[in-house]
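What follows is a single structure, written as structure tokens, with notes after it.
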Amino acid sequence: MTVHTARVVPEPAEVELPVVHRTSATLVVALVAGVLAVPLLVALAVLHRPHWYPLLDLAQTEMRVRDVTSLHPPLIGLPGRIGSFPNQGSHPGPISFYALAVFYNLFGRSAFALQAATACLHAVAIVVALWIARRRGGTPLVLAVGAVLALLSASYGGAILTEGWNPYLPVMWWLVFLLAIWSVLCDDLPLLPVAVVAGTFCMETHLPYLGLAGVMIAGTFVLVAITKRRDAIRWGAIAIAVGLLLWLPPLVEQITHHPGTLSAIGKEMRHPRQATVGVHKGLRLFFVHLDPWRLITNRGLVPSDRPIGGSIVPGVLFFVLWAAAAVLAWRSRDRALVRLHAVVAIAFALGAISMVKISGTIWYYLVLWSWGTTILAGFAIVATAVALVGPRLDPTQRTSAARVGIGLLVATILVSTVFFVDEAAYTQVPNPPVNASLGKVVPQTIRALRDRQQRDAHPGGYLVTWDDPMTVGARGYALLNELERHGFDAGTTAINQVGVRTHRVMNPKDASVQVHLVAGRAIAAWAQRPSQVRVAYDEPRTPAQRAESLRLRADVDRRLRAAGYGDLAAAVDGDNFLAVAYDPRTSARVLSEVTRLEVLGVPLAVFVGPPQ
């Protein structure tokens, strides 16, 4: 592997190059991209059946993606942990919705189309990363970056790379951004607009990237400006114009709303509602995510309630190894290597600060970007070793070493892809039991509403409401999304306006029908309302499981009340298992039983009648 500051530097004439070196770099980009796309295709093939019902954030995402081509295009991102419900703020911008909409409309605007669109966005990121590698170092660097992408994509897995959730969407684009910044620092100024696009995609989509990419973009512009190169003004102006265009929607929202989303984000960052995790936990989180073995073996990248679990020793050793490689690169005066290590160093520093500043619970999805930084550091270490050893070999040895290196890179790509294909073959939709329950009640509800439409020439609007504490209302948003997908004039109440956007808020006076989804013990109360008709029902538990559920409820209630936690006992009685599971007062025994209750599930029903 050879890293160059120019686009392609020929090898000495007397060295016999491996065949792959003489192959068109463009063809190699296409071949590597095609290989890396195979696991994504396998995951999509598996996900095509059964039908997927997007829940909560994903339902909100699909509704916004549909809005892109409507009279109500989105101006800001998805609601996030900013402020408090029901007036919480949102992530900065809507760029992910617009990007998804391109492929979503192409694939037929279905729930599966959202999954396919997500995979396509990651595939585009892979192609762009390989294209950047081609510019930086030709075929050898294409294979090297291809190996990096193969390892990283296999680590994230099929579920993350096909699920259009905003923390997942930027994970591959973060690596594209870092590679683009490196190229700009190596005087490849046409990559400055690419860095702005990739960085903006990350920043607008998920808030943690705002400080990471924002600081790096600002610093890069300063460095480009002080170089005083003739083409710096031209490419700088293009990059600024692109950035302003991409940030136009949130800027418009900021001006036309009070308080604007950007103001709410600024306030939250200056004065977080919850205490930050602090230096100790933040740095522990940093070093846990520097463990290359954990990355390669896919341990820790899957959803975890304990993202700071595990030893920090591998991460500390890896950091020391990278620091040593950075020093050697500095002494070698290899400009490209020095700038690569500089990008890694800045990403490390900003990442550590970001982790220290996390407020509230440390969710695994807040730091998914860190694996991209870690693998780029590994790439920098290997590149430094190659650059230092290569000149010390005679031409024959260099040829042999090049052949071995190319073989190892190709093997890494193929082996990682094979493992990813095997994992992708078992990709599941998020929360399969909950998806199955919706698969029972949604078709029943749609059939009942169609029958009602045939009886009523002027059916009016459908007010969708829900009472589903077990999934925090996730199935309610899913039902609204499905009714809208099937052409019903559906809306919901004002308390949900941040999640569904204001044009989906429906005044009960303007609705002729209320469609109410209810789960668990509250079903009995709704059944007593004389004007409401139950049109759908699902009981996911067998008789034996219902008996088990009753035993577990009784035991949990007894233990919580004995400990003096009557509020938690009441939450379990109301099917709000999540409130108990995430309460720090919950004992290990109660947590185990509550988790089992959530797995067993509760009945689900839909009632239709006059608006209540």
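Every read-out reported here was derived from the displayed coordinates using simple, explicitly stated rules and does not represent laboratory data. Computed from a predicted structure; not experimentally measured. Cβ sites come from the backbone with ideal geometry, for glycine too, and all protein chains shown count toward neighbours.
Tabulated results
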item	result
For segment 170-302, fraction of C-alpha pairs farther apart than 21 Å, in %	55
Table column - 3J(HN,Hα) (Hz), segment 34-43, Karplus curve with 6.51, -1.76, 1.60, x for Gly and Pro	x, 5, 5, 7, 4, x, 5, 5, 5, 4
For the chain, the spread of Cα positions along each principal axis, largest first, Å	91, 52, 46
Of all DSSP beta bridges in segment 432-612, antiparallel share, percent nearest 5	50
Formal net charge of residues neighbouring VAL608 (Cβ-Cβ distance under 13 Å; K, R +1; D, E -1)	+4
Using a Förster distance of 56 Å, the FRET efficiency for ASP489-ARG558 (Cβ separation, nearest 0.05)	0.70
Förster radius 35 Å - calculated FRET efficiency between TRP293 and ILE353, Cβ distance, rounded to 0.05	0.90
Dipole moment magnitude, nearest 20 debye, segment 120-276 about Cα centre, only Lys, Arg, Asp, Glu C-beta charged	400
Residue among LEU246, PRO193, THR256 farthest towards the positive dipole end of segment 187-256, charges placed on Cβ	PRO193
Alpha carbon centroid spacing (whole Å) that separates segment 476-508 from segment 172-194	40
From the C-alpha gyration tensor of segment 432-612, square roots of 5λ in Å	33, 17, 14
Evaluated over segment 283-402, the Cα radius of gyration and Dmax, each in Å	16.5, 58
Charge tally in the Cβ shell below 11 Å around ARG64, where Lys, Arg are +1 and Asp, Glu are -1, ARG64 excluded	0
Whole-number D in µm² s⁻¹ for segment 434-517, Kirkwood Cα-pair radius fed into Stokes-Einstein, 10 °C, 1.306 mPa s	122
Segment 87-153 - Debye-derived log10 I(q)/I(0), Cα point model, q = 0.17, 0.21 Å⁻¹	-0.74, -0.86
Check: segment 432-612 dipole with +1 on Lys, Arg Cβ and -1 on Asp, Glu Cβ, in debye	200
Spacing of the two label points (7 Å from each Cα toward its C-beta) at LEU408 and ARG331, in nm	2.1
Protection proxy ranking of 198-205, 174-181 - average other beta-carbon atoms within 10 Å, highest first	174-181, 198-205
Distance between modelled label sites at GLN612 and ALA527, nm, 7 Å Cα→Cβ extension	1.4
Nearest-20 debye value, the chain charge dipole, Cβ charges on Lys, Arg, Asp, Glu	620
FRET efficiency estimate (nearest 0.05) - Cβ-Cβ, ASP567 to GLN274, R0 22 angstrom	0.65
Value in Å of the Kirkwood radius, where segment 306-375 supplies the Cα pairs that are averaged	13.6
Using alpha carbons only: equivalent-ellipsoid semi-axes of segment 561-612, gyration tensor based, whole Å	27, 14, 8
SER70-LYS281 pseudo-label distance in nm [points 7 Å out on the Cα-to-Cβ vector]	3.8
The chain: antiparallel DSSP beta bridges as a percent of all, rounded to 5	55
